[in-house]
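The values are calculated or read from the model by the stated rules, or taken from the named source; none is laboratory data. Bear in mind that the values here come from a model prediction, so they are computed numbers and not experimental data. Glycine gets a Cβ as well: all are built from the backbone with ideal geometry, and neighbour counts include every protein chain shown. Note: areas computed on protein heavy atoms with side chains; ligands, DNA, RNA excluded. Shrake-Rupley method; radii C 1.70, N 1.55, O 1.52, S 1.80 Å.
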Amino acid sequence: MKNKLLSILFLAALLLLMMPAKEAGSQRLDLSSFLIDTHDDHLLARFSIEVDNFEKVKSALDNGSKVALICDVSLLKDRPLIWNLSLADKEIEVGLEKDLLSGDYRIIFPSQKRNLSNFDEKDFLSQFGDMSVELLPLEKLEPDQKYIVRIQVKLMSKGVPKWIKRTLFFWSWDLAKSIRYEMKFSL
């Protein structure tokens, strides 16, 4: 009887711990206007990022969480009989946080930092509505060869202590499910 009660309590506690992770995972990121472009003799990947429920992101920032939007962009040479060859791989991490003393929101790009007094969905779209990543000089690409551009985007909480991550290894620290898109093209 005692063991049965302990196992029921353990199961109930485990279910309670997993419920918030499931709720956070229901939010989605969307990638729109994904295209391959050229500029100054370089190949570019252009895309826009939208979030399904912006209020969850804003709530996390207002509660002092640090958030990172991480974009991994890869250029691969398509080889049908063997694995694809990686030609370029770029990672862009954009930090989002709120200074709780001043009330300003900070968007920390790799090359610059922006401060906003207010941060709403319109501001999010203006910051992430037209992103571009320079991949490779065009001279390194072969005509009539097939290539793949792969983009993976995730929105996750940062600044969580490692001991908590190790203890709650089954917990998802993502604020939204990561998305992954691929596009094949040739010159």
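The figures follow:
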{"item": "Single residue of segment 114-159 satisfying the filter (of a type in the set (D, E, K, R) and part of a strand (DSSP E or B)) that is most open to solvent (accessible area, probe 1.4 Å)", "result": "Lys146"}
{"item": "From the options Arg28, Arg46, residue that is at pLDDT below 90, basic (Lys, Arg) and in contact with a strand residue (DSSP E or B) (Cβ under 9 Å, 6 or more places away or on another chain)", "result": "Arg28"}
{"item": "Some residue of segment 123-136 being touching a residue at least 12 places away in the same chain (Cβ under 8 Å), farther than 21 Å from Ser48 by Cβ and more than 17 Å from the chain's Cα centre (by Cα)", "result": "yes"}
{"item": "Matching residues in segment 55-92 - criterion: being open to solvent by 20 Å² or more (accessible area, probe 1.4 Å), of a type in the set (A, V, I, L, M) and in a strand (DSSP E or B)", "result": "Leu85, Leu87, Ile92"}
{"item": "First in segment 34-53 and within 18 Å of Leu76 (Cβ to Cβ) and open to solvent by less than 10 Å² (accessible area, probe 1.4 Å), second anywhere and in a strand (DSSP E or B) and hydrophobic (A, V, I, L, M, F, W, C), Cβ under 6 Å, 6 or more apart", "result": "Leu43/Leu135; Leu43/Leu136; Ala45/Val73; Ala45/Val133; Ala45/Val149; Phe47/Leu31; Phe47/Phe34; Phe47/Met131"}
{"item": "Condition met for Arg166 (within 22 Å of Asp30 (Cβ to Cβ) and either at pLDDT 90 or above or not small (Gly, Ala, Ser) (or both))", "result": "no"}
